[in-house]
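Asks: Just passing along the structure, written as structure tokens.
Throughout, read-outs are computed from the coordinates displayed, never taken from laboratory work. Only a predicted model underlies this, so the values are computations on that prediction, with no experimental measurement involved. Note that each Cβ is placed from the backbone with ideal geometry, even for glycine, and that neighbours are counted across all protein chains shown.
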Amino acid sequence: VIEIGQPEHSVVTTCAYCGVGCVFKAEMRGEEVVRMVPWKDGKANRGHSCVKGRFAWGYTTHKERILKPMIRERIEDPWQEVSWDEAFNFAAAKFKGIQQKYGRDSVGGITSSRCTNEETYLVQKLIRGGFGNNNVDTCARVCHSPTGYGLSQTFGTSAGTQDFDSVEDTDVVMIIGANPASAHPVFASRLKKRLRQGAKLIVLDPRRTEMVESPHVKALHLPLMPGTNVAVVTALAHVIVTEGLVNESFVRERCDWSEFEEWAAFVAQEKYSPEATAIMTGVDPKDLREAARIYATGGNGAIYYGLGVTEHSQGSTTVIAIANLAMVTGNIGRPGVGVNPLRGQNNVQGSCDMGSFPHELPGYRHISGDAVREQFEAMWNVKLNKEPGLRIPNMFDAAIEGSFMGLYVQGEDILQSDPNTKHVVAALSAMECVIVHDLFLNETANYAHVFLPGSTFLEKDGTFTNAERRIQRVRKVVTPRNGYADWEVTILLAKAMGFEMHYNHPSEIMDEIAALTPTFTGVSYAKLDELGSVQWPCNEKAPEGTPIMHIGGFVRGKGKFIVTEYVATDERTGPRYPLLLTTGRILSQYNVGAQTRRTENVVWHAEDRLEIHPHDAELRGVRDGDWVRLASRAGETTLRAEITDRVAPGVVYTTFHHPDTQANVITTDFSDWATNCPEYKVTAVQISPSNGP
Ligand code: SF4
């Protein structure tokens, strides 16, 4: 029997795991959290939650959490605990020295999709205003940057089109490269409810996911080969165009007709017919035709997609192809339809909104725009650089070349999260000062010179923005155990570097964001407290927010059809590496597991496993539970095998939650042509029996 104790008071706050954005009531006894109760008035969760949000908060008091700042001259030296002031002064002296020696552009920083909007805003402000360059990027670079590019090109806004409630009006659900049952469980429950009520389900995924296997749900599953998304989605468009299923009145009214005609002629080519694409995609032409007909004629069609779309060399092209599909069928701009990226982390949307990209100020305004830049200069009292800065992979390349020497990383373990670990190690090793601002001594910290202890979501005020553009309050539940909330740490670091930022509370940061960002002008903590949440755009035109976008017209004016030529990835199979590896998550773990693995009140799965089709396993003499060596052109690792026909012959699959797995040791350098989002979802590999690690 576990004695939990009775709560004395409670605080309403928002989950810091996935992009669903469930709201919880933290029940407290003094400074101790007794339990997290899903909040019935949470607009995204309505009293529901998954095991992560409800139980996995024990990491906040885990013994491995670092609570004191630390510094060291060289990464070979032991860490030395110091006062906050010493740490800030050490870091500031290093960064200033680097800029004097190598130039203004030799330092930069990475914002976190785990941190609040206000914290992210401050980091990019420090870099642009304090460092004097635009070398700011976000961990969204490695997940949903193609969403930003693709949706802004076609619709005019870098965000999903619908609210979650919209699913209640959906007749056809198409899921592409996502497994919401594992990664977005509370929203998956709403999807399943709608499917049980009779909505049809189409799933494009190399693997038979839990959504496909859901009881009482009949899914049309298109098990495409990894890397062929563009061919399959363009083939769906081919059927719609060549079988006369185009919603012509919508296209004529809402889109550029001449661009549509050019695009329609492109997709109508025989090479994009289901029959012509079948050999390379592995999708049965009959199923593909049926899927296209259902989506085009089955009523309200809604597309939900995930990292199986974006993390490819043609990630941005696939997002564009999906947008084309929604426009040609008129499935945009009303309840029940739309294009909906399922964001992985709690604040991916927010970190992108807050100006974390090297070419964009908050609100997705290009840094080269004089009028916008002058507005920020006046507010920040500083002259801004109008040249776009470096993306994360460019920072790594520049470090190896010797021109990028200082990096401030807030809330991301880039060594585990970014592709081609050897390359990341080489880059970090070449830098003269790496500042890691995080909860634990993560893998990146092995190459750091300054460690600034981070605060958890329970220890700070702020806001997160979920996958449906919903801005919700994060409320301080306990005093920061490390002494400062992350927003305060950034302010003090900036001060040591000679760049003053004055705020007494995160609400004042949000007031500044609202003053500078047209889609946020109506956002304030007072309004969030009154309404519970708002979905941006929230301004004079929409004072209570915008649940559904592009009603009556696209943000960019006319919807833009763009040709999506399929180009096979350069990551090819061959005699030496005959299988394709793709990756995903399980429900109980979260990303690289930094938090979930340090939570004792839930029994988590013990290890990542490699799913192998029985045919491929037999060929290699591998049995269920055996250790196997998994090798690619980039590196190798060792995993236990799970023999299953959930994956097709020729495809293997693993999760990446445990550091021992080191999945990114084997991923390659290939990336999305438009955004450099890494191609995590396709790696040519070989497997062979092993005696274990
Ligand atoms: Fe948290 Fe996502 Fe689970 Fe909700 S579904 S409790 S936001 S991890």
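Asks: For the range 253-307, what Kirkwood radius comes out of the mean inverse Cα-Cα distance, in Å?
Replies: 13.4 Å
Asks: In percent, what relative contact order does the range 146-341 have, based on Cα pairs under 8 Å that are 6 or more apart in sequence?
Replies: Worked out over the range 146-341, it gives 35 percent.
Asks: Kirkwood Rh, Cα Rg: Rg to Rh for the range 146-341?
Replies: We get a ratio of 0.93 for the range 146-341.
Asks: Taking only C-alpha pairs under 8 Å that are 6+ residues apart, what is the relative contact order of the chain in percent?
Replies: Relative contact order of the chain: 20 percent.
Asks: Here's something else I'd like to know. Would you pull out the residues with amide H under 5 Å of THR582's amide H, same chain only if 5 or more places away, H placed 1.01 Å from N?
Replies: VAL652, TYR653, THR654
Asks: Once amide H atoms are built 1.01 Å from N in the peptide plane, which residues 5 or more positions from TRP673, or in another chain, come under 5 Å H to H?
Replies: Residues meeting the criterion, in which the H sits 1.01 Å from N, are GLY315, SER316.
Asks: Would you kindly compute the Cα radius of gyration of the range 83-165 and its largest Cα-Cα separation (Dmax), both in Å?
Replies: My reading of the Cα-based Rg and Dmax gives 16.8, 54 Å.
Asks: Whole-Hz Karplus ³J(HN,Hα) for the range 428-436, in order, using 6.51 cos²θ - 1.76 cosθ + 1.60 and θ = phi - 60°, x for Gly and Pro?
Replies: Each residue's phi maps through the Karplus curve to give 5, 5, 7, 6, 8, 8, 10, 9, 9 Hz.
Asks: Percentage of Cα-Cα pair distances in the range 1-88 greater than 19 Å, rounded to whole percent?
Replies: Pairs farther apart than 19 Å: 56 percent.
Asks: Please quote Rg/Rh for the range 464-533 to two decimal places, taking the Kirkwood radius as Rh and restricting both calculations to Cα atoms.
Replies: 1.01
Asks: Mind listing the phi-derived Karplus ³J(HN,Hα) values for the range 676-681, rounded to whole Hz, using 6.51, -1.76 and 1.60 with θ = phi - 60°, and x for any glycine or proline?
Replies: Coupling constants for the range 676-681: 6, 4, x, 8, 5, 8 Hz.
Asks: In nm, to one decimal, how far is the LYS68 label point from the GLN269 one, both placed 7 Å along Cα→Cβ?
Replies: Here the modelled spin labels are 6.5 nm apart.
Asks: I would also like to ask the following. Pull up all non-local amide H partners of ARG35: gap of 5 or more, or a different chain, and H-to-H distance under 5 Å with H placed in the peptide plane.
Replies: Under 5 Å from the amide H of ARG35: GLU27.
Asks: Straight-line reach from LYS476: which aspartates and glutamates have Cα under 13 Å away, leaving out those fewer than 8 places along the same chain?
Replies: By straight Cα distance, LYS476 reaches GLU27, GLU31, GLU32, GLU459, ASP461, ASP486.
Asks: When the expected Rg is taken as 2.2 N^0.38 Å, what fraction or multiple of it is the alpha-carbon Rg of the range 98-243?
Replies: Ratio of Cα Rg to 2.2 N^0.38 Å: 1.41.
Asks: Which of the GluC sites (Glu not before Pro) found in the range 461-506 are in a DSSP loop and have at most 14 neighbouring Cβ atoms, other than their own, within 10 Å?
Replies: Passing sites in the range 461-506 are GLU500.
Asks: Same structure, new question: What percentages, rounded to whole numbers, describe P(r) for the range 350-458 computed over all alpha carbon pairs with 10 Å bin width beginning at zero?
Replies: Each 10 Å bin holds this share of Cα pairs: 14, 36, 33, 17, 0.
Asks: Throw me the Rg/Rh for the range 299-367, computed over C-alpha atoms with Kirkwood Rh, two decimals.
Replies: 1.02
Asks: If you add up the charges near THR14, with Lys and Arg at +1 and Asp and Glu at -1, over every other residue whose beta carbon is less than 10 angstrom from its beta carbon, what do you get?
Replies: +3
Asks: Rounded to a whole number, what is D in µm²/s for the range 318-412 from Stokes-Einstein with the Kirkwood radius over alpha-carbon pairs (20 °C, 1.002 mPa s)?
Replies: Approximately 129 µm²/s, per Stokes-Einstein.
Asks: In nm, to one decimal, how far is the modelled label at ALA515 from the one at GLU259, with both set 7 Å along Cα→Cβ?
Replies: Calculated label separation equals 3.6 nm.
Asks: Another question, if that's okay. Considering all alpha-carbon pairs of the chain, what whole percent are spaced by more than 45 angstrom?
Replies: 16 percent
Asks: If you find the alpha carbon centre of the range 118-133 and of the range 554-576, how far apart are they in angstrom?
Replies: 33 Å
Asks: Could you work out how much longer the chain between SER189 and HIS9 gets when fully extended? Use 0.36 nm per residue separation minus the Cα distance between them, nm to one decimal.
Replies: Residue separation times 0.36 nm, minus the Cα-Cα distance, leaves 61.8 nm.
Asks: With 5 Å bins from zero, work out the P(r) of the range 342-386 over every alpha carbon pair and list the percent per bin.
Replies: Pairs per bin, as whole percents: 5, 23, 26, 22, 11, 7, 6, 1.
Asks: Which value at 222 nm does the chain reach when only helices count, each DSSP H run of 4 or more adding -39,500 (n - 2.57), with the total divided by all residues and rounded to the nearest 500 deg cm²/dmol?
Replies: -8500 deg cm²/dmol, from helical runs alone.
Asks: Let me ask something else about it. Of the cross-linked pairs LYS101/LYS125; LYS25/LYS52; LYS383/LYS495; LYS25/LYS193; LYS94/LYS495, which ones have a Cα-Cα span greater than 19 Å in the structure shown?
Replies: Flagged as over cut-off: LYS101/LYS125; LYS25/LYS193.
Asks: Give, as a single signed number, the net charge of other residues whose beta carbon lies under 10 Å from the beta carbon of PRO38, with Lys and Arg counted +1 and Asp and Glu -1.
Replies: Net charge in that neighbourhood comes out at +4.
Asks: Once the other residues with Cβ under 14 Å from the Cβ of PHE95 are scored (Lys, Arg +1; Asp, Glu -1), what is the net sum?
Replies: +3
Asks: Once the cut-off is 19 Å, how many percent of the Cα-Cα pairs in the range 476-599 end up in the long-distance tail?
Replies: Everything past 19 Å amounts to 74 percent.
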